[in-house]
Amino acid sequence: MNKLTDIPIHLDNAAAQETGNALALLHEIRHALVNLLESGKATVIDLSRLPMGPGDEAKLLDILGNGEVVAQINALGNSIIRETHLTGVWLVEHFNSEAQPTAKLIEISYIPDLLKAPPEDVREGLAWLTRRLAENGGDSH
């Protein structure tokens, strides 16, 4: 081999491979939106448990696009919740304390469960505020 043209070139097309699951997932998301509207029941799709090629995930996320809401939670690693272009369809990504991805979910709901305040936390907040009001001479009723 004396010339650059003599070097064999092999293109790895793995990044563009698709299984066709992006389209199937979009149909599943559509059915989940109908179910949400009819019954109020949320649906969670775990992308890491599905047989998807890199091209499938890229196609799915491209079609879903980005919405107006992004939330970040810092607890034992970050969780990032992004609204997609479709209201009620959320991309939820979890990372460990080393910032490595641990889960990627599509949640079809009015508000992602992770953002809902648990009743025990609301009780704790109420107790704290009641104490603060009592300490400052305010009415605790």
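The values are calculated or read from the model by the stated rules, or taken from the named source; none is laboratory data. Predicted, not measured: the structure shown is a model, and the values here were computed from it. As a convention, Cβ positions derive from the backbone with ideal geometry for all residues, glycine included, and neighbour counts pool all protein chains shown.
Give me the residue from region 20-29 that is in a helix (DSSP H, G or I) and either at pLDDT below 90 or more than 17 Å from the chain's Cα centre (by Cα) (or both) and, out of that set, surrounded by the fewest Cβ atoms within 10 Å (Cβ to Cβ).
Of all residues in region 20-29, those in a helix (DSSP H, G or I) come to 21-29.
Now narrow it down to the ones that are either at pLDDT below 90 or more than 17 Å from the chain's Cα centre (by Cα) (or both): 21, 23-24, 27.
Details: 21: 19, 23: 14, 24: 14, 27: 9.
Top of the filtered list is 27.
Considering only residues that are among the hydroxyl-bearing types (Ser, Thr, Tyr) and in contact with a Ser or Thr (Cβ under 9 Å, 6 or more places away or on another chain), look in region 30-56 and name the one that is surrounded by the most Cβ atoms within 10 Å (Cβ to Cβ).
Here is the first cut: in region 30-56, the ones among the hydroxyl-bearing types (Ser, Thr, Tyr) are 39, 43, 48.
Retained after the next criterion (residues that are in contact with a Ser or Thr (Cβ under 9 Å, 6 or more places away or on another chain)): 43, 48.
Details: 43: 16, 48: 11.
Among those residues, the one meeting the criterion is 43.
When region 105-119 is examined, which residues are found to be closer than 18 Å to residue 37 by Cβ and either in a strand (DSSP E or B) or aliphatic (A, V, I, L, M) (or both)?
Across region 105-119, the qualifying residues are 106, 107, 108, 111.
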